Amino acid sequence: GYAASSRDRCRLVAIGAWRPAMAALSDRWSCVADRAFAVRLYYYLAEHVSYYDDFSGCHRDFWDEKVFMSWLTYADIAYKEIPADIDADQWELMCPELELVLKTVGCFMIFWINEKTSLNFSMDVAQVLPLLTGVIDTVARFDSALGREISSKTRGDILEELVRLSGVLTQYVLNKYEEHDSVTTCRRRTQEAKRQSSLLLNFLVRVLMLEIPTCVQKAEAAAPGSGAMPVDERQMDSEWIEGLHEHCQVASDDESVVDAAVITSLFGTLARMPLEEQKYRLECASPLVPPFVATFAEQLRQNVVPPELADLKIVINAVFQDESSVTSDLLEEISFYPCLLDFATKRATIHAVCERQKLQGSSGEPIRLVVPRDNVLDGVCTSLNLQNQSARIEVPLEIEFRSGYADDTGNELVDEGEDQGGLRRQWIDRASRYFISSDLFLSPSEDAAHLEGASNGVPTNRGARGVIYVPSPETVCRCVQDDWEEQFELFGCILGFAILYKETVPVHFGHNFLRSVFGLKTDAQDLLPLLESVDKTLHTKLKYILDGSYRQLGDSLEDALEQCNLPKVFAVNESHCPELVQSIELKTGGEQLAVTEQNKEDFVLLFLDRLLISGISRQVECFRRGLLRVVPDQIVQRIAELMSVKEIELMVCGSEEIDVEDWEKHTQYENGYTPESPPVRWFWEVISSMTVEQRAALLSFATGSSQVPSGGFRFLQPELFTIQRVAVTDRYPEAHTCANTIDLPIYSSREELERRLHFAIREAGDAFGRR
């Protein structure tokens, strides 16, 4: 009590006045009170001979190993005497005490690591870990109950000291791997260092489990003039665990470095933390995850996520669903088990890979397509050099639309607007619609050959939302278009651009077609279930034939085939115009081979193979060749490995549903508009009253695409939908598709807004509202 100042305490250390008290720690007859006094005296004085501030190597006798080890034996008094029923104020007073304990251990290590005469200094981390583990247990117990009631500085300082000490111990252990004498000594040191690394790794994981915020500003950073100062001192270096874990792998045994229960508990804790904390702590612990996950490899290959990985799955998908976070090697290793990843994470992974691919080709001169809006594929095959079978498209794509009218000199004008993504999005959307409106594609639900009354060959609902499209049979393609192979290759290029630029196409392809394009294997037993997703009507008919339900009605197989408008022999006509397209035999001599009860299963299998696989194999080959011109094969394989066919469809085709609530929730407002501004409220009321087709037209007008991104409007690229205030009342709404923005004037009434908005969508179409 007499040495109140730091200067006085330094003098006490210098003259050795602390030695008599420390004798209590080596005297086995000393009472508990004397030992507690000696422990506290040592760490109180240690604060004033801290090696953080004293780089001259003074007070060697204070840091004597025997003195420190005797103190270490009883240092747990610091936390063992804390009552279990303390309140927040008392806990706040205890925290600095525990901080001093940690600082004492750290100062001792730093002193001897840097002491020039201490070449033989050796410290087993196992000697200090019981004390440190006890401190962590104490902090974890009281912080969970009282942490939010004390000051953020006091709460964070103890974590800061833990992290600082962790760094000292980590560096000390890692340095042991660099000490080489003889081979025998090296092997012995390696084994010893591995043992200490394993102990230290478990300790570092325990530090990561403390729920003390690290991704906030220091309390003192809020002081006037101090500026923002991130709390880097409260965060581990992400390389600490990586370095320790790497050196632990030198041993030949397969024992786990960190206990599996500890890792499971870590991710259980992380799952309750904010996203920023999850990102930091997952980055630190990432070297431990792959070997932990690999222990459950057999279950994961069967698409079963064991309970031990449930929290890990939550954390990984929270961290990596944003493609800007997908830079870690961890995700590359985890992605071998797709069942651990949600769709949003898989999509972010593919988008990140595509972004890197774009950067590789960004230095070249872009391909600029100048096309009329009423013929968006005019001259495109030549511009993309599709005549060259080996040419790849590795440079950016830019689009310019010709306006369709000329100036006074007779030169055709180009539409206003520079392509910053919006024009390309429009072109992909319009080009895709062109293909599905052609005879190269058909909708099985409307114009399949087995449908009665469709013999006129005129589809009634082409382009409607929710309709599934597949390539027309090869026999039909050959009949309707001479350059059909090049056209399929071009459509493959368009889908490649959509994937590369994170866009969607307004086409929902049949799953059989997507499986073939992305190289997913389809077995014979998969054909009938696959048909259900493509053509439910035909699926029902074939099930009816196979299970023999017609017999309950007194019908024969021949009657049933006729009623279902299915062939009675092993040959199919793939068109509504048999005079133009010849029938195809399903097997040699099929025209003369009748379908019977004995061979109907063989007939259905051959029929399905022709319909879903072999009948469109050449179309798939051409389409895939075009896709690979734009998207490298390794990315296409990556998509196939990560995603199911339903997820591939969702990524490339987007969602058909336009959820107005989700749209409004993920909308930004600029230039003075707020969600409560009258024109804004009227705008959402008008959209809510629109039909699905009108909403799709509005979405196309504003963004260039009529499709909602998979996952909803929060994934709109490159920016969220924005409503921008325009301080006029006599203009129509205008769109900036590159920025997903609508300029909305200050209309005086809901009726005026509705009238002008409908007019803009109907008349302006794709021309940004300026036509």
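Seen from LYS665, the other residues with C-beta closer than 12 Å to its C-beta sum to a net charge of -3, counting Lys and Arg as +1 and Asp and Glu as -1.
Show me 234-241, 488-495 ranked by packing, highest mean number of other Cβ atoms within 10 Å first.
488-495, 234-241
Each residue of the stretch 636-647 is assigned a 3J(HN,Hα), and the resulting list reads 4, 5, 4, 4, 5, 6, 7, 10, 7, 5, 5, 6 Hz, derived from the Karplus form 6.51 cos²θ - 1.76 cosθ + 1.60 (θ = phi - 60°), x at Gly and Pro. The label point for GLN592 and the one for ASP374, both projected 7 Å from the Cα toward the Cβ, are 5.6 nm apart. If R0 equals 51 Å, the separation of the Cβ atoms of ARG478 and GLU752 corresponds to a calculated FRET efficiency of about 0.40. Protein heavy-atom surface of the stretch 509-560, 1.4 angstrom probe: 48% of the accessible area is carbon and sulfur, with nucleic acids and ligands not counted. Straightening the chain between THR537 and LYS66 buys 160.9 nm, computed as 0.36 nm per residue apart minus the Cα-Cα spacing. Listed by chain and number, the aspartates and glutamates placed with their C-alpha closer than 17 angstrom to that of LYS176 are GLU115, ASP124, GLU192, GLU239, GLU242, GLU246; residues fewer than eight positions away on the same chain are left out. Place a point 7 Å from the Cα of SER689 along the Cα-to-Cβ direction; which residues of the stretch 724-740 have their backbone N under 17 Å from it? None, by backbone N distance to the label point.
Fully extended, how many nm does the chain gain between GLN90 and GLU211 (0.36 nm per residue separation, minus their Cα-Cα distance)?
Residue separation times 0.36 nm, minus the Cα-Cα distance, leaves 41.6 nm.
Taking amide H as placed 1.01 Å from N in the peptide plane, VAL726 has its amide H under 5 Å from the amide H of LEU744, ILE746, each at least 5 places away in sequence or on another chain. In terms of Cα atoms, the Rg and Dmax of the stretch 489-602 work out to 18.1, 58 Å.
Converting phi to 3J(HN,Hα) with the Karplus coefficients 6.51, -1.76 and 1.60 and the offset θ = phi - 60°, the stretch 369-374 yields 9, 10, 9, x, 5, 8 Hz in sequence order, with x at every glycine or proline.
Placing a label point 7 Å from the Cα of GLN668 along the Cα-to-Cβ direction, the residues of the stretch 718-740 whose backbone N falls under 12 Å from that point are 718-724, 739-740. Relative to one another, the C-alpha centroids of the stretch 608-628 and the stretch 688-739 are positioned 35 Å apart.
Which value, in Å² and to the nearest 10, is the accessible area of PHE37 when all protein chains are kept and the probe is 1.4 Å? Spelled out: PHE37, probe radius 1.4 Å, area about 120 Å².
For SER26 and ARG195 in the same chain, what is the full-extension length gain: residue separation times 0.36 nm, less their Cα-Cα distance, in nm?
Extra length from SER26 to ARG195 when fully extended: 57.9 nm.
How would you classify the stretch 609-657 from its alpha-carbon gyration tensor, with a ≥ b ≥ c the square roots of the eigenvalues: rounded for a/c under 1.5, else prolate if a/b is greater than b/c, otherwise oblate? Note, shape of the stretch 609-657 comes out oblate. Annotation for the stretch 655-727: GluC sites (Glu not before Pro) lying in DSSP loop with at most 10 further Cβ atoms inside 10 Å of their Cβ are GLU676.
The values are calculated or read from the model by the stated rules, or taken from the named source; none is laboratory data. Not measured: the values here are computed from a predicted model. Virtual Cβ from ideal backbone geometry, glycine too; neighbours counted across all protein chains shown. Remember, those area values only see protein heavy atoms, side chains included, never the ligands or the DNA or RNA. Shrake-Rupley method; radii C 1.70, N 1.55, O 1.52, S 1.80 Å.
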